[in-house]
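Trainee: Got a structure for you, written out below as structure tokens; questions coming shortly.
The values are calculated or read from the model by the stated rules, or taken from the named source; none is laboratory data. As the structure is a computational prediction, the values presented were derived from the model and not from experiment. Methodologically, a virtual Cβ is constructed for each residue, glycine included, from the backbone with ideal geometry; neighbour enumeration extends over all protein chains shown.
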Amino acid sequence: MVAPAWECQLVPRAVVVATMKPPKFDYVRAENLQEVLEILDHEGAEARVLAGGQSLLPMLNMRLARPGTLVDIMRVEALREVRDEPGGLLIGAAVRQADLARHLGSARDVAREHLLAGEHKIGRPRDVGCALRQTLLAMALPWVGHAQTRSRGTVCGSIAHADPSAELPLVLVASGGAVHLRSRSRARRVPAEQFFLGMMVTARQDDELIEAISLPSIDLGTGVAFREVARRHGDFAIVACAAVVSADSARLVVGGVADRPVARALPLPGDSALPAALDDFAWDLGARDDMHATATYRRELVRRIGYEVLQEAVRCRD
Amino acid sequence: MPRLTADRRHLLRFTLNGRPVVGEAEPRLLLTDFLRHVLGATGTHVGCEHGVCGACTVQIDGAPVRACLTLAVQVEGADIRTVEGLSPALGVLSPLQAAFRAHHALQCGFCTAGILMSLDALLRDTPRPTELEIREMLSGHVCRCTGYASIVRAALAIANDAPGDAGEEPQHA
């Protein structure tokens with residue numbers, strides 16, 4: 001037996017406090033749902049739910065958040081479930097983005113086998129997640145952060161954080177999904193479009209936990225497409241667009257421009273009214289200049305990428 | 001339901017590179033600082049401390065994660081692997097480390113520990129990754145010296161050496 005190389009370096013030292021560190025808080029490792037809801041009930045806004053921590057930890061490190069208590073929900077078994085339900089997909093609060101990718105990936109493999117066996121036809125077999133008809137989710141998921149953050153970050157955590165540039169809120173709105181909220185005394189479902197209220201502001205009350213989100217399956221005969229522009233793959237989007245096109249309607253959802261993902265019904269591609277309607281949409285989003293892009297550039301991206309994803313969704317539909 | 005209070009240090013146990021470790025941490029202590037300052041395992045480097053640069057990447061239960069976006073108390077009972085765990089024996093480099101050396105995949109070395117942990121996980125799960133897969137994994141890291149080309153070459157060298165179907169080249173998408 002040879003000692004590992006690192007062993008010789010294991011010399012305990014005093015804890016050094018540097019600048020970029022979280023403020024003090026109590027940490028509770030919840031073991032079941034009731035414990036989480038009790039803490040939220042007692043401590044309200046003073047308590048924050050800690051799931052994967054990939055949005056909350058940067059806020060803590062920069063001291064933009066100063067919660068009194070963090071409730072770690074990752075060991076609550078009931079919240080770790082991804083469930084394929086008739087008509088949709090239910091994703092629990094403790095499901096990591098990488099877990100979801102694996103779930104969608106294995107669904108794709110099953111679909112491919114069925115397709116090869118000639119059993120049934122679902123969408124396009126090469127699309128990850130098509131067996132569950134969650135193509136939009138599968139398209140957008142690789143754009144969420146990096147492998148090193150998806151391994152830790154949760155799907156519902158990104159919804160709770162509600163960054164206007166984040167992909168998962170955009171997908172939830174585009175898919176017509178819902179957020180399942182639960183407090184000690186009540187449970188309710190809020191449609192995605194009513195959940196996101198502004199930059200990092202949601203309809204969640206202080207005593208509520210996002211227990212899960214649900215995404216309805218995409219109907220056969222409906223095409224979807226997703227595209228985004230970012231400085232570096234994995235960074236937050238400058239502009240992200242998702243399109244959902246059926247036989248007689250088209251819907252475009254844009255992230256990264258307004259203070260939340262915004263959806264609008266538009267004329268179908270091929271309709272001469274589309275460019276003008278897209279231009280109106282681009283202006284109505286109220287783009288602003290920032291260090292990443294000018295408002296003019298953002299509007300132009302909405303016009304161009306919006307048009308492209310709508311066309312792509314039509315091709316995907318047919 | 002254990003509540004770890006803010007003002008006290010709490011006992012914490014996990015496995016580091018195959019060996020059980022014990023230490024004390026306040027709830028707010030980051031895993032990076034626990035590894036470096038409490039355990040003295042300074043192979044894991046600390047760059048931006050808000051999850052952008054990837055220098056602090058370690059493996060938790062096999063998955064590459066940012067140790068600066070992880071509280072030490074979150075990894076109670078977990079299996080942690082750091083760059084110190086790559087080398088099979090004192091003074092011996094792992095194949096990936098040796099490839100980094102052969103292909104000049106590091107210069108100052110600050111980002112290297114994190115990149116090694118990400119690529120180690122990638123090569124374990126996907127023994128013959130494509131260049132695209134390698135570059136996607138590297139997109140979670142910042143290296144200011146190499147321009148990444150030599151890092152990609154080092155990873156591809158390992159990928160090409162991996163056992164696979166005889167004579168089959170990995171597909172480079």
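Trainee: Within segment B:76-91, which residues are surrounded by fewer than 24 Cβ atoms within 10 Å (Cβ to Cβ), at pLDDT 95 or above and either charged (D, E, K, R) or touching a helix residue (DSSP H, G or I) at 6+ places or on another chain (Cβ under 8 Å) (or both)?
Mentor: B:Glu76, B:Asp79, B:Arg81, B:Glu84, B:Gly85, B:Leu86, B:Ser87
Trainee: Anything in segment B:44-64 that is over 21 Å from B:Gly109 (Cβ atoms) and among the β-branched types (Val, Ile, Thr)? List them, or say none.
Mentor: B:Ile60
Trainee: While we're looking at this one, here's another question. Write out, first by first residue and then by second, each pair whose Cβ atoms fall under 6 Å of each other, whose residues are 6+ apart or on separate chains, and whose first residue, in segment A:223-238, is on the phi > 0 side of the Ramachandran plot while the second is assigned to a loop (DSSP other than H, G, I, E, B) and of a type in the set (S, T, N, Q).
Mentor: As it stands, the answer is A:Gly234/B:Ser139, since those pairs meet every condition given.
Trainee: Need at least 1 residues that are within 18 Å of A:Ile210 (Cα to Cα) and modelled with pLDDT under 55 per element, so show me which helices (runs of 4 or more DSSP H) inside segment A:68-152 make the cut, counting only ones lying wholly within it.
Mentor: Here the list is empty.
Trainee: Here is a list: A:Asp206, A:Asp219. Which entry is of a type outside the set (Lys, Arg) and within 21 Å of A:Asp72 (Cβ to Cβ)?
Mentor: A:Asp206
Trainee: Looking at segment A:209-283, what strands (runs of 3 or more DSSP E) fall wholly within it and have at least 3 residues that are at pLDDT 95 or above?
Mentor: Output list reads A:209-216, A:239-245, A:250-255, A:262-266.
Trainee: Still on this model: State the number of residues belonging to segment A:41-76 that are free of Cβ contacts under 8 Å to residues at least 12 places away in the same chain and more than 11 Å from chain B (Cβ to nearest Cβ).
Mentor: Here is the first cut: in segment A:41-76, the ones free of Cβ contacts under 8 Å to residues at least 12 places away in the same chain are A:42, A:58-59, A:64.
In the following step, the residues that additionally are more than 11 Å from chain B (Cβ to nearest Cβ) were identified as A:42.
Residues flagged as free of Cβ contacts under 8 Å to residues at least 12 places away in the same chain and more than 11 Å from chain B (Cβ to nearest Cβ) within segment A:41-76 amount to 1.
Trainee: Hey, among the residues in segment B:70-123 that are assigned to a helix (DSSP H, G or I) and of a type in the set (D, E, K, R), which one's farthest from B:Arg135 (Cα to Cα)?
Mentor: It comes out as B:Glu84.
Trainee: Sticking with this structure for a sec: Here's a check for you: in segment A:16-37, which residue that is more than 9 Å from chain B (Cβ to nearest Cβ) and surrounded by 15 or more Cβ atoms within 10 Å (Cβ to Cβ) is farthest from A:Ser151 (Cα to Cα)?
Mentor: A:Leu37
Trainee: Mind counting the residues in segment B:69-88 that are free of Cβ contacts under 8 Å to residues at least 40 places away in the same chain and within 7 Å of another protein chain (Cβ to nearest Cβ)?
Mentor: 2
Trainee: Could you list, in sequence order, all residues of segment A:157-173 that are part of a helix (DSSP H, G or I) and not polar (S, T, N, Q)?
Mentor: A:Gly157, A:Ile159, A:Ala160, A:His161, A:Glu167, A:Leu168, A:Pro169, A:Leu170, A:Val171, A:Leu172, A:Val173
Trainee: Separate question: I'd like the full set of residues that are more than 8 Å from chain A (Cβ to nearest Cβ) and under 21 Å from B:Thr15 (Cα atoms), limited to segment B:89-111.
Mentor: Passing the criteria: only B:Ser94.
Trainee: Please determine whether any residue of segment B:54-66 is in a helix (DSSP H, G or I) and touching a residue at least 12 places away in the same chain (Cβ under 8 Å).
Mentor: Step one: list which residues in segment B:54-66 are in a helix (DSSP H, G or I), which gives none.
No, every residue in segment B:54-66 fails to be in a helix (DSSP H, G or I) and touching a residue at least 12 places away in the same chain (Cβ under 8 Å).
Trainee: Which of (1) in a helix (DSSP H, G or I); (2) at the interface with chain A (Cβ under 8 Å from one of its Cβ atoms); (3) of a type outside the set (Ser, Thr, Tyr) is the odd one out, the single condition B:Phe34 does not satisfy?
Mentor: Only one criterion is unmet by B:Phe34, namely (2).
Trainee: Which numbered condition in (1) modelled with pLDDT of 95 or more; (2) at the interface with chain A (Cβ under 8 Å from one of its Cβ atoms) is the only one that B:Gln59 fails?
Mentor: Just one mismatch for B:Gln59, condition (2).
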